[in-house]
1. Once you order the gyration tensor axes a ≥ b ≥ c over the Cα atoms, which shape class does the stretch 128-173 get: rounded for a/c under 1.5, otherwise prolate or oblate by comparing a/b with b/c?
2. Set the Förster distance to 22 Å, then compute FRET efficiency between residue 142 and residue 108 from the Cβ-Cβ distance, nearest 0.05.
3. Which order do the peptides 280-288, 52-60 take when ranked by the mean count of other beta-carbon atoms within 10 Å per residue, highest first?
4. Based only on Cα atoms, what mean projected area does the convex hull of the stretch 116-236 have, in nm²?
5. Compute the separation of the alpha-carbon centres of the stretch 237-258 and the stretch 152-230 and state it in Å as a whole number.
6. Accessible area per residue for the chain in Å², computed with a 1.4 Å probe and the full protein assembly in place, what is it?
7. Of the residues 201, 63, 223, which exhibits the maximal mean-square fluctuation in a Gaussian network model of the chain defined by a 10 Å Cα contact cut-off?
8. I'd like the Karplus ³J(HN,Hα) series for the stretch 241-254: coefficients 6.51, -1.76, 1.60, θ = phi - 60°, whole numbers in Hz, and an x wherever there's a Gly or Pro.
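The values are calculated or read from the model by the stated rules, or taken from the named source; none is laboratory data. Everything quoted here is computed from the prediction, not taken from an experiment. All Cβ positions, glycine included, derive from the backbone under ideal geometry; neighbour counts span all protein chains shown. For accessibility, only protein heavy atoms count, side chains too; no ligands or nucleic acids. Shrake-Rupley method; radii C 1.70, N 1.55, O 1.52, S 1.80 Å.
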Amino acid sequence: MLANTTRALTEAQREQWAVDGYLQLEGALSPAEVDFFSQLLDRVRLQPGYEPAPGKLPRGHYAWADHADPNPDGFMDRRDLLTYHQAFIDLIDRPRIFDLILDLMGPYIQFSMSQAIVRASTDMFPGYTHTDGGEAQKSIRVSETSRPLAVKVMYLLTDVTEPDSGNFTVFPGSHLRPFPERQSRIPNPHMPGAVPLLGKAGDAYVFPHAIWHGPSPNRSGKARKTILYNYCQMFMRAYDFGGPYAALFERCTPRQRRLLGDLGHGPDFRPGDFFYAPEDQEALMAGSI
Ligand SMILES: O=C(O)CCC(=O)C(=O)O
């Protein structure tokens, strides 16, 4: 059993998390929320922000861009969504989902990354299979009884009901064992063991950094839209900001502020920060203060 402080997961979810390494939650967002966020992403893509810069920057790095492809069904991979709308801030600790995050990860966590990905329908993209967190994290796996290092929630804003529709594709159990990654056998969404997940707009997938996963090609004829939120243990670095995200604090609740690095003593760093949490950490995360 995991040493949890809260009990949001059912026994079946706990087992699926430990064995398969991911969860699928139905109806995490309501139909109205799906419409709202979908339209919001259409507006976000017309604004400046962080996007990949292939050819200029290596994979995983983002550059400031004037806008993404203006076509609402075109590719977009926008990072650091929180400044665009209060709804993105409020999604950080959305009750039902954040309860699961706390149950899985414990209370000593921070928010790490927000991202919106639109996978255009195209014959040009073969899919992409990876672990999260770059080269070093790739070789770090925790056991079934450990807290995860980092966990992502991926909210589907589009129905994905057929294979090769940009499905989130997982290799169940791969978070626990070495994975065959060789130049001659580059992991891909069609190799043995791959499970392309189906889901409805509003569903969410929850997965740890160590599971091999990624998008399938999208040849469905329609774009696949998602929002991704990442949480990590407090002693790790966030992806989207280098210190406390002070510019957002006025728009946040105390819990959201803590998740964005407000340790209660201003923006300055002190030795020990992020390793030893403030005394109210557990109560604040649980929502009891
Ligand atoms: O499905 C996608 O577009 C990418 C999701 C993914 O692999 C990730 O967030 O790490």
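1. Numbers: a/c = 2.33, a/b = 1.97, b/c = 1.19.
Cα axes put the stretch 128-173 in the prolate bin.
2. 0.90
3. Working: 280-288: 15.6, 52-60: 10.9.
My ranking of the peptides, most packed first, is 280-288, 52-60.
4. Working: hull surface 31.0 nm².
Approximately 7.7 nm², given one-decimal rounding.
5. Rounded to whole Å, the Cα centres lie 29 Å apart.
6. 47
7. The residue with the greatest mean-square fluctuation here is 63.
8. Each residue's phi maps through the Karplus curve to give 8, x, x, x, 8, 4, 4, 9, 4, 4, 9, 10, 6, x Hz.
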